[in-house]
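Structure record follows, encoded as structure tokens.
The values are calculated or read from the model by the stated rules, or taken from the named source; none is laboratory data. A quick note: this is a predicted structure, and the numbers were derived from the prediction, not measured. Cβ atoms come from the backbone with ideal geometry, glycine included; neighbour counts cover every protein chain shown. For accessibility, only protein heavy atoms count, side chains too; no ligands or nucleic acids. Shrake-Rupley method; radii C 1.70, N 1.55, O 1.52, S 1.80 Å.
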Amino acid sequence: MATTLTAEQQKELIEKVFHEGLDLGDLSAADRYLTADFRNNGSHDDSLRGPEAFKHTIKIQQSAFTDIKYEILDFISMGDKAAIRWVMHGKHTGPFIGIAPTGLQVQHQAIIWFRFEGDKIAERWGIVDNFALQKFLQSGGKPAGPITPAGGPGAGKPSA
């Protein structure tokens, strides 16, 4: 089924899902805004389907962070698909990705694609920067810094 939503309506729907579901922890947002066979690709558990898949994400976020606020930084729409870039602000007060609560204020970032059917979200694909968040939490709050080894590309390689 094709989407009936305009680009502006897609953005409003995404904002509702993020605010009601992820910021406020309202599990019923998943039932209101997602299709019965919703797929949450690239999430905590890709085997879950339907609104329960997103409810699982809400529960994980709510148990790991307090004072959650998602901010949509960029939005684009192309027919039945839309993409956003977001940052989540919150306080790490529960276990997350195997890391005990640190009490640190975090900024967590991602790029997400959505596919719409009718007036609901049918699918989500996420590229979430858990690596930088993991490094930040494990370091006690130091910025992730460069990924390359000391000395930059080619450091430590024997010369020809």
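Only one of these is touching a helix residue (DSSP H, G or I) at 6+ places or on another chain (Cβ under 9 Å) and assigned to a strand (DSSP E or B): Phe54, Phe38. Name it.
Values: Phe54 fails: assigned to a strand (DSSP E or B).
The conditions single out Phe38.
Can you name the condition, by its number, that Gly25 falls short on among (1) outside any helix (DSSP H, G or I); (2) closer than 21 Å to Leu137 by Cα?
The failed condition is (2).
Looking at segment 98-112, which of the residues that are under 18 Å from Ile72 (Cα atoms) and of a type outside the set (Val, Ile, Thr) is most open to solvent (accessible area, probe 1.4 Å)?
Quick first cut of segment 98-112, residues under 18 Å from Ile72 (Cα atoms) only: 106-112.
In the following step, the residues that additionally are of a type outside the set (Val, Ile, Thr) were identified as 107-110.
Numbers: Gln107: 120, His108: 5, Gln109: 87, Ala110: 7 Å².
Taking the candidates together, the pick is Gln107.
When you go through (1) in contact (Cβ under 8 Å) with a residue 40 or more places away in the chain; (2) touching a Gly at 6+ places or on another chain (Cβ under 6 Å) one by one for Ser63, which number turns out not to apply?
That leaves (1) as the condition not met.
Residue by residue, here is whether (1) β-branched (Val, Ile, Thr); (2) in a strand (DSSP E or B); (3) open to solvent by 40 Å² or more (accessible area, probe 1.4 Å) holds:
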residue: Ile58; (1), (2), (3): yes, no, no
residue: Ile68; (1), (2), (3): yes, yes, no
residue: Asp74; (1), (2), (3): no, yes, yes
residue: Ile84; (1), (2), (3): yes, yes, no
residue: Val87; (1), (2), (3): yes, yes, no
residue: Lys91; (1), (2), (3): no, yes, yes
residue: Gly94; (1), (2), (3): no, no, no
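If we scan segment 21-40, do we find a residue that is open to solvent by 50 Å² or more (accessible area, probe 1.4 Å) and in contact with a Ser or Thr (Cβ under 9 Å, 6 or more places away or on another chain)?
No, segment 21-40 contains no residue that is open to solvent by 50 Å² or more (accessible area, probe 1.4 Å) and in contact with a Ser or Thr (Cβ under 9 Å, 6 or more places away or on another chain).
From the list Ile72, Ile60, which residue is over 24 Å from Pro101 (Cα atoms) and among the hydrophobic types (A, V, I, L, M, F, W, C)?
Numbers: Ile60 fails: over 24 Å from Pro101 (Cα atoms).
Residue meeting the stated conditions: Ile72.
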